[in-house]
Each structure stands twice: as structure tokens, then as C-alpha cells.
Amino acid sequence: MKFGNFEIELIRESSFRLDGGAMFGVVPKTLWSKVSPADEQNRVFLSCNLLLIDTGREKVLVETGMGDRWTDKERERYGLDTHVDFSRALAEVGLTNAQIDVVIISHLHFDHAGGATRFVDGKLVPTFANARYYAQKGEYEFSQKANARARASYRPDDYEPLIANGQMILLDGDTEVVPGVFAKLTGGHTSHHQIVYFESAGEKGVFFADLMPTKCHVTPPWVMGYDHFPLASCDVKSEWLAVASAEQWLVVFDHEAGVPWGHITTTDKGKFDFIPLPEDSLLHKQKALL
């Protein structure tokens, strides 16, 4: 899809399920279940959406998804269905793994960094061999000392090989990663969670990552139980949504199983609403899963 002078595409890396109560925190199930129905195990259906930004000079991949290094027991637990072959993860958009120049990871939880590495001949290697990977320094440091509540979301095999291979660049706050593509520190979900803001020829967009994982999280108080700092998430969401609505940015949700990109509007009552792009804005294999 054309975006200013950029080309952008969505890649549906996987679909999976997580506990609905965890996904919506203190929001009562009587409310969230109306917009995100749960299965018999109280899990809601989600997707891992990766965003490809081709600036014309560099090919930037935002997030890497769950990856394929999961046991059958783990796949059953998460209802995980991997949609790509990681030896050719970007085949749907006509690219090889080697053609990716930059990978930006919002934070190092397994559903965002899991696809950053893969096994080749029994050895764990970077999935995108020629890419520079970017994450926040504070996020990496926290992953090294995460307490019992947070530790289960981090798998060192997702990112330690990138450090060892010299491919991981650790950022210290807001950074223009390549011209027109910015990592923006938000906190909230984790202390050093980042989103990706991009602009070209007057058009502006944002990949919200886990600050706002689905369209159902557009209402600022609807934050995840997974968030380390839920009050901060609520405040930061409000700030970004107000600007995105006023300036009609393209917004992209990382875990939305329906159409995951579109625009934010503000109602007469001051509430935010999401208006998705038409489904034909997605490639055939990336169509809405719901």
C-alpha cells in the first residue's frame, strides 16, 4: 500500500489466544466479551501483525511475532497457529529474509521478539541475517533482572543471539532509526516499551504495539492486565490518540485479528473510535481472521 513515498504492507505472522481477563485488566468481562468473545477457556483470539515499511532506501520490519520455536504443548496452551515459514517469512510480500535492513522490536516479550531468531541446522541464528535490530536499552536491561511476575514473558533465546552476533542496537530513548521512521519511548506496557512512528510526504502513521494491541483497546482505560504500569498506559494512550485523531494518522494494531489498520476519530462525546481501512487494503493471505 502506498504511504507517501513509502510502501507499506502487513504480514500476519501468527494467530493465537490469550486469557481475556489478562488482555482487558480491570474491565469487567460483561463489557469486553461483547467486543472480543472468549472461548471455553476464557481466551480471546488475537493475531501477530508485522509491519513492513519500504522507504525506497531501506526495508524496515516492525516486530517479529511469535516465531516457530514452540513445543506442541505450548502451541496448545496458546492456540498458536503459525502462518509463515520462517525460512522465507516475507514470501507473501515478495522478499527474502536477507533483504530486510532494519528490524524494530517494540519490547522483548516472546510474542514480539520470538521470530527474531530461528534454528538452522540445530543452531540458533538471527532470522534476518543482514538486519540491524533495534530495541530499547532499558528494556534489555530489565529482561536481565525481571522478577517472577514478568520473567515468563522473556525468552533470552529470542534476543541474546542478536547481542552476541553484534546485530542488536540498544537505543536510549526516542530515535530516528532511518529517515522518516522513529522509535518513540512510551513506557506503560513495560518501562521501556516503544512504538513506531513513521512519516512520508505529509502522511503520518503509528504502530502502537502493546500500548494499544487491538481496536478494542482504543478506549484509554481499557488497558491490559499484562501492563507493568497501567495508569501510565492510560495517560499515554490518551495523548497519542488525540494527536492521531486530529491529524488523521494511519494507525496499526499489533494483535488485532480483524482489519488492523485505519484511522482514529473523536465522537461528539469526546470518545475515540477506530475506523478500519477496507479489507481489500490487505494482501490475500492477510485478510481479517474474524
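Rule-based calculations on the coordinates, nothing more; no lab input. Model, not experiment: these values are computed from the prediction. Neighbour counts are summed over all protein chains in view; Cβ atoms, including those assigned to glycine, are modelled from backbone coordinates with ideal geometry.
Based on the alpha carbon coordinates of segment 37-107, what radius of gyration and maximum Cα-Cα distance (Dmax) apply, in Å?
Expressed in Å, the Cα Rg and Dmax of segment 37-107 come to 14.7, 48.
Specify the residue with the greatest mean-square fluctuation among 268, 227, 72, computed from a Gaussian network of the chain linking alpha-carbon atoms under 10 Å apart.
268
Which entries in the list 137/287; 73/237; 73/123; 145/215 go over 26 Å, if you measure between the two C-alpha atoms of each? Each step should come with its number before you reach the end.
On the way: 137/287 35 Å; 73/237 35 Å; 73/123 22 Å; 145/215 32 Å.
Where the Cα-Cα span goes over 26 Å, the pairs concerned are 137/287; 73/237; 145/215.
For segment 162-270, which GluC sites (Glu not before Pro) are in a loop by DSSP, counting at most 12 other Cβ atoms within 10 Å?
Taking segment 162-270 and a limit of 12 other Cβ atoms within 10 Å, the loop GluC sites (Glu not before Pro) found are 247.
Please check: in the Gaussian network model of the chain (C-alpha springs, under 10 Å), which one of 232, 148, 244 has the largest mean-square fluctuation.
148
For a Förster distance of 25 Å, can you work out the FRET efficiency between the beta-carbons of residue 5 and residue 288, rounded to the nearest 0.05?
Calculated transfer efficiency: 0.35.
Determine the distance separating the Cα centre of segment 135-150 from the Cα centre of segment 226-250; give it in Å without decimals.
If we compute the Cα centre of each part, the gap is 23 Å.
Restricting to Cα pairs below 8 Å that are 6+ residues apart, what does the relative contact order work out to for the chain? Please round to a whole percent.
Computed over the chain, the figure is 17 percent.
By the gyration tensor of its Cα atoms, with a ≥ b ≥ c the square roots of the eigenvalues, what is the shape of segment 141-290: rounded for a/c under 1.5, prolate for a/b over b/c, or oblate? Working shown, then result.
Numbers: a/c = 1.62, a/b = 1.42, b/c = 1.14.
Since a/c reaches 1.5 and a/b is larger than b/c, the shape of segment 141-290 is classed as prolate.
Any idea what the relative contact order of segment 1-145 is, in percent, if you count C-alpha pairs under 8 Å spaced at least 6 apart?
24 percent
For residue 71 and residue 235, what is the calculated FRET efficiency with R₀ set at 51 Å and r taken between the beta-carbons, to the nearest 0.05?
My answer for the efficiency is 0.85.
Springs between alpha-carbon atoms under 10 Å, Gaussian network over the chain: tell me which of 170, 50, 250 tops the mean-square fluctuations.
170
Using modelled amide H (1.01 Å from N, peptide plane; none on Pro or chain starts), what sits under 5 Å from the amide H of residue 104, excluding residues fewer than 5 places away?
Excluding prolines and chain starts, which carry no amide H, the hits are 61, 62, 63, 134.
With +1 on each Lys and Arg Cβ and -1 on each Asp and Glu Cβ, how big is the dipole of segment 2-286 about its Cα centre, in debye rounded to the nearest 20?
500 debye
In segment 242-290, which trypsin sites (Lys or Arg not before Pro) are in a loop and have at most 10 other Cβ atoms within 10 Å, using DSSP for the loop call?
Those that pass, being in a loop and sparsely packed, are 269.
Expected output is a single nm value to one decimal: the length gained when fully extending between residue 99 and residue 165, i.e. 0.36 nm times separation in residues minus the C-alpha distance. What is it?
That works out to 22.0 nm of additional length.
Of all DSSP beta bridges in segment 137-290, what percent run antiparallel (nearest 5)?
85 percent
Taking 0.36 nm per intervening residue step and subtracting the Cα-Cα distance, what contour gain separates residue 279 from residue 247 on full extension?
So the extension gain works out to 9.3 nm.
Label-point separation (nm) for residue 144 and residue 201, each offset 7 Å from Cα along Cα-to-Cβ?
4.4 nm
Between residue 152 and residue 124, what is the label-to-label distance in nm when each label sits 7 Å out along the Cα-to-Cβ direction?
Going by the 7 Å Cα→Cβ label model, 2.0 nm.
What residue among 51, 223, 115 has its Cα farthest toward the positive end of the dipole of segment 2-286, where the charges are +1 on Lys, Arg and -1 on Asp, Glu, each on the Cβ?
Going by the Cα projections, it comes out as 223.
Calculate for the chain the 222 nm mean residue ellipticity that helices alone would give, adding -39,500 (n - 2.57) per DSSP H run of length 4 or more and normalising by residue count, nearest 500 deg cm²/dmol.
Rounded to the nearest 500, it is -5000 deg cm²/dmol.
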